[in-house]
Amino acid sequence: MIGKGIKYLRSLMRIVVLKIRYSNRIEFKIKNLKSLYIGKGVKIRISKGNVLSLGNNVYIDDYCSFECIKGSIYIGENTFFNTNNKVVSLEK
């Protein structure tokens, strides 16, 4: 139980760092601590003018990659990304 708490606390720290880094280019819809999980090694790249929006109850496992190069990415509620997935947006 303590291990899961630490896991979600580290995820929360990653979320805070992402919000500071990308400010209004990244959106989170968080209802509680466990409604969004971002694993270790997740890489996010958002070009200016694009947005990465994550809905409620989204789980992104370790070493996934999201790139908003020329378009935005909208991830809806109740979505799960397994390890090593890559999502690239060239258009909306």
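Quick note: the coordinates plus some simple rules give every number you see, no bench work behind them. Bear in mind that the values here come from a model prediction, so they are computed numbers and not experimental data. Positions of Cβ are generated from backbone atoms using ideal geometry, with glycine treated the same way; all protein chains shown enter the neighbour counts.
Each of (i) 12.6, 42; (ii) 25.3, 88; (iii) 16.2, 58 is a candidate for Rg and Dmax of the Cα atoms in Å; the one calculated from this structure is (i). Taking the Cα centre of the stretch 2-89 as the origin and placing charges on Cβ (Lys, Arg +1; Asp, Glu -1), which of I20, I2, Y63 is farthest toward the positive end of the dipole? Among I20, I2, Y63, the one farthest towards the positive end of the dipole of the stretch 2-89 is I20.
I need the trypsin sites (Lys or Arg not before Pro) found in the stretch 1-72, filtered to DSSP loop residues with at most 15 other beta carbons within 10 Å of theirs. Passing both the DSSP loop test and the Cβ count: K29, K31, K40, K48, K70. In a fully extended conformation the segment linking I20 and R45 would gain 7.6 nm over its present Cα-Cα distance, using 0.36 nm per residue. Just add up the charged neighbours of N84: K/R +1, D/E -1, any other residue whose Cβ is under 13 Å from the Cβ of N84. Net charge around N84: +1.
For the chain, the dipole from Cβ point charges (+1 on Lys and Arg, -1 on Asp and Glu) about the Cα centre works out to 300 debye, to the nearest 20.
Averaging sequence separations of C-alpha pairs under 8 Å and six or more residues apart, then dividing by the length of the stretch 1-86, give the relative contact order as a whole percent. Before the final figure, lay out each step's value.
Details: 161 pairs, mean separation 21.9, N = 86.
Rounded, it is 25 percent for the stretch 1-86.
Given R₀ = 25 Å, FRET efficiency for I75-I2 by Cβ-Cβ distance, to 0.05? In this case the efficiency is close to 0.30. For V87, list long-range residues whose amide hydrogen, built 1.01 Å from N in the peptide plane, is under 5 Å from its own amide hydrogen. Those qualifying (amide H under 5 Å, at least 5 residues apart or on another chain) are S65, F66, E67.
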